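These notes concern the structure reproduced below.
Every number here is computed from the coordinates shown, using simple stated rules; none is lab data. Fair warning: this is a prediction, and the values are worked out from it, not measured in the lab. Neighbour counts are summed over all protein chains in view; Cβ atoms, including those assigned to glycine, are modelled from backbone coordinates with ideal geometry.
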Amino acid sequence: MFASQIARVEEIVNEQNEWRGHCLNLIASEQVMSRRARAVLGSDFAHRYAEGHPGERYYQGTDKIDTIETDLKRYMKKLFGCLHTEVRPISGTNANEAVFSRYIHPGDIVMANSTPGGGHISHQRAGSVGKFTRNIVSFPRTKDGYHLDVAKTRRLIRTIKPKLVILGKSLFLFPEPIQELCEVCDKVGARIVFDGAHVLGLIAGKQFQNPLAEGAHILVASTHKTFPGPQRGVILSNLPAEEWRRIDKGAFPGSSSNHHLDTLPPLLITTFEMLAFGEAYAAQVVKNAQTLAAALDKKGLDVQAKQFGFTQSHQVAVDVSRFGGGSAVSSLLGENNIILNMNLLPFESLSHHDNPAGVRIGVQEMTRVGMKEAEMQQTADLIAAVLMDGKRVGEEVKKMRAKFQKVQYSFDDAK
Ligand SMILES: Cc1ncc(COP(=O)(O)O)c(C=O)c1O
C-alpha cells in the first residue's frame, strides 16, 4: 500500500535537488547550506524535545543538544558582538512574534515600513503586529521611495509616540536611518526593533549597517537568507537583563514549545563558517549585486534607485512593467531556469500585488556557490536575452550553473 506514492515523493525530492541545482537561483530570501551543515540534518535530534534552556530543560535526554545550543549562543554572541542571543525561534516571523508579543498591547501605536515601501507582512495588520494592535502607521518615504523621510518621521514619532519603531524590510536596498531616529525614540520611550531577516549575513560580514551598534534595541532575523544557514530565526540584543528576560519568555513559552532541534547543529556549523569567511562572502555579495544592477541598467532595463548606486545589499529591484509586469516576467524567466520573484515597487498600491511592476533579484545564493562579477555580467546578458530578444536560454543557464555546484566560504574542503 502506498508504495508508488512514497516512491513518487522520493522522486519529487530528487527532481527538486537536480532541478534547482542547475538553475540561476535568484530569490532574495533563499540560500543553500554547506555540505557539512547539510550532512548533520536529519539526525536523531529531529525526533526530540528540549523545552526550556540548556541545563534547565523540562525533559530528560537533552545533554547533547544542550552542548550544541550553548555553543551556538556563545558563537552567535561572538559573531554579532552582543550580550544576549535567543536561538529558539524557528523562523524570522516566529522571532518577530516573540518580540512583538512582549511590547505591543491593544491600541498601542507601532511604526513600520508599508508593504509597497518594502515592509514585511509580519509588520502589518494582516500579520503578526496586527494580532496585537491595529494602530500601525507607515513611515513617510522620500520621493524616490527607497528611503525613509527622516525629518517627517521624527516629527511623526514626536506627535504619535509609538511604542515600537520597526525598521528593516523585505525589499531592502539601503541601510535604515537608525542613528537619526535614536534620540526622538528615546524621548518618547519607543523601542527600535530592526528586522534584519534579509541582511543578517551582510551584518555578520560587516558589509551592512550594524543595527545594535547604531542604537537599535533589538535585532530580529531569519538565519537562511543572506545568513547561509538552515531555516530558523534569531533575536539579538544588548538590552538590560531584566528587559531581555521578557523577550526570552516571548520565545518560550510565548511563541513556541519545542524548537526543532534538528536545525541547531547546522546553524552552529554555519556560524563557524561566518566567523571564518563571513566578511569575504558578504563583500562579494554586495559587489555582485552592484555589478548585476549596473549590467542590467546598461542593457536598458529600468533598474531602480540608479541615483543612489542601485543597491548596498544583496538585492536588485527592476521595474519590468514594459515587459508585462512582475508576474509575467518572473514566470517567463522561470521557464528559462532563472528563478526570481515579482515584487511591489514603492510607487505602487497594494492592489497591484497580483502583478506588480517589479521583480526583486537576490545574488546571495549564487555568490555562495562561487559566482563573481563575470557571472553577474553573464546573468544580466541572459535576463536581457529572454526579455528583450525573446530568446530561450534554459540550456545556457544549465551550462553556466554546471561549473558552480560547490558551496564556497565553508569548511567543506577541510579534512
Ligand atoms: C523583513 C522580513 N522579516 C521577516 C521575514 C520572515 O522570515 P521567515 O520566512 O524566516 O519567517 C521575512 C521573510 O522574507 C522578511 O523579509
Revision key, fill the gap. Among segment 238-276, those whose backbone N falls under 14 Å of a label point 7 Å along Cα→Cβ from Ala46 are 260-266
Check your understanding: Residue by residue through segment 28-40, which ³J(HN,Hα) values in whole Hz follow from phi under the Karplus form 6.51 cos²θ - 1.76 cosθ + 1.60 (θ = phi - 60°), with glycine and proline marked x?
Key -> 5, 9, 10, 6, 10, 8, 5, 4, 6, 5, 5, 5, 9
Study note, to complete from the structure: Given unit charges at Cβ for Lys, Arg (+) and Asp, Glu (-), the dipole magnitude of segment 39-269 about its Cα centre in debye, nearest 20, is 700 debye
Review point. Non-local amide H neighbours of His224 (under 5 Å, H modeled in plane, Pro and chain starts lacking H): which ones?
Key: Gly229, Arg232
Exercise for review: Arrange the peptides 206-219, 398-411 so that the one whose residues have, on average, the most other Cβ atoms within 10 Å appears first.
Suggested key: 206-219, 398-411
Check your understanding: Ranking Val199, Val318, Val369, Val397 by Cβ neighbours within 10 Å, fewest first, what do you get?
Key -> Val369, Val397, Val318, Val199
Practice item. Let me know the Kirkwood hydrodynamic radius for segment 39-269, please, with Cα pairs as the basis and the value in Å to one decimal. Key: 17.9 Å
Revision key, fill the gap. Of all DSSP beta bridges having both residues in the chain, the percent classed as antiparallel (nearest 5) is 60 percent
Review point. What is the Cα radius of gyration of segment 208-328 over 2.2 N^0.38 Å, N being its residue count?
Key: 1.39
Check your understanding: Span-like helices, the chain: DSSP H, alpha-carbon axial extent 18 Å or more, mean Kyte-Doolittle -0.5 or greater, which ones?
Key -> 264-298, 373-389
Review point. Antiparallel as a % of all DSSP beta bridges within segment 39-269, to the nearest 5?
Key: 45 percent
Practice item. Just give me a number: lysine pairs in segment 39-269, eight or more positions apart or cross-chain, with C-alpha atoms less than 16 Å apart. Key: 10
Review point. In the neighborhood of Thr115, defined by Cβ-to-Cβ distances under 14 Å, what is the net charge if each Lys or Arg adds +1 and each Asp or Glu adds -1?
Key: +1
Point to revise | Unit charges at the beta carbon, dipole of the chain: most positive-side option, Pro265, Pro162, Asn288 | key: Pro162
Study note, to complete from the structure: With 0.36 nm assigned to each residue of separation and the Cα-Cα distance removed, Lys64 to Glu243 gains 61.5 nm
Study note, to complete from the structure: When the charge dipole of segment 269-415 is computed with +1 on Lys and Arg Cβ and -1 on Asp and Glu Cβ about the Cα centre, the Cα farthest towards its positive end, among Val318, Gly390, Ile339, belongs to Gly390
Revision key, fill the gap. Fewest-first ordering of Ile27, Ile6 by Cβ atoms within 10 Å yields Ile6, Ile27
Review point. Among Trp19, Trp244, which comes first, then next, by fewest other beta-carbon atoms within 10 Å?
Key: Trp19, Trp244
Practice item. Any chance you could get the radius of gyration and Dmax over the Cα atoms of the chain, in Å? Key: 21.4, 67
Exercise for review: Describe numerically, in nm with one decimal, the distance between label points set 7 Å from Cα along Cα→Cβ at Ala7 and at Ala402.
Suggested key: 3.0 nm
Exercise for review: Collect residues whose amide H, placed 1.01 Å from N in the peptide plane, falls under 5 Å from the amide H of Asn341; neighbours closer than 5 in sequence don't count.
Suggested key: Ala28, Arg360
Review point. Going by a ≥ b ≥ c, the root eigenvalues of the Cα gyration tensor, does segment 140-277 fall in the rounded group (a/c under 1.5), the prolate group (a/b larger than b/c) or the oblate group?
Key: oblate
Practice item. Would you calculate a helix-derived [θ] at 222 nm for the chain, using -39,500 (n - 2.57) for each DSSP H run of n ≥ 4 and dividing by the full residue count, to the nearest 500? Key: -12500 deg cm²/dmol
Practice item. Report the net charge of residues surrounding Glu18, where surrounding means a beta-carbon distance below 12 angstrom and charges are Lys +1, Arg +1, Asp -1, Glu -1. Key: +1
Review point. Amide H neighbours of Gly370 under 5 Å, counting only residues 5+ apart in sequence or on other chains, H built in-plane at 1.01 Å?
Key: Gln408
Revision key, fill the gap. Per the 1/(1 + (r/R0)^6) rule, R0 = 35 Å and r from the Cβ atoms of Arg158 and Arg74, FRET efficiency to 0.05 is 0.30
Revision key, fill the gap. Scoring segment 39-269 by relative contact order with C-alpha pairs under 8 Å, at least six apart, yields a percentage of 28 percent
Study note, to complete from the structure: Along segment 212-227, Karplus-curve 3J(HN,Hα) (6.51, -1.76, 1.60; θ = phi - 60°) to the nearest Hz, with x for Gly and Pro, reads 5, 5, 7, x, 5, 7, 9, 10, 10, 6, 8, 10, 9, 10, 6, 6
Point to revise | Net charge dipole size for the chain [Lys, Arg +1 and Asp, Glu -1 on Cβ; Debye, nearest 20] | key: 620 debye
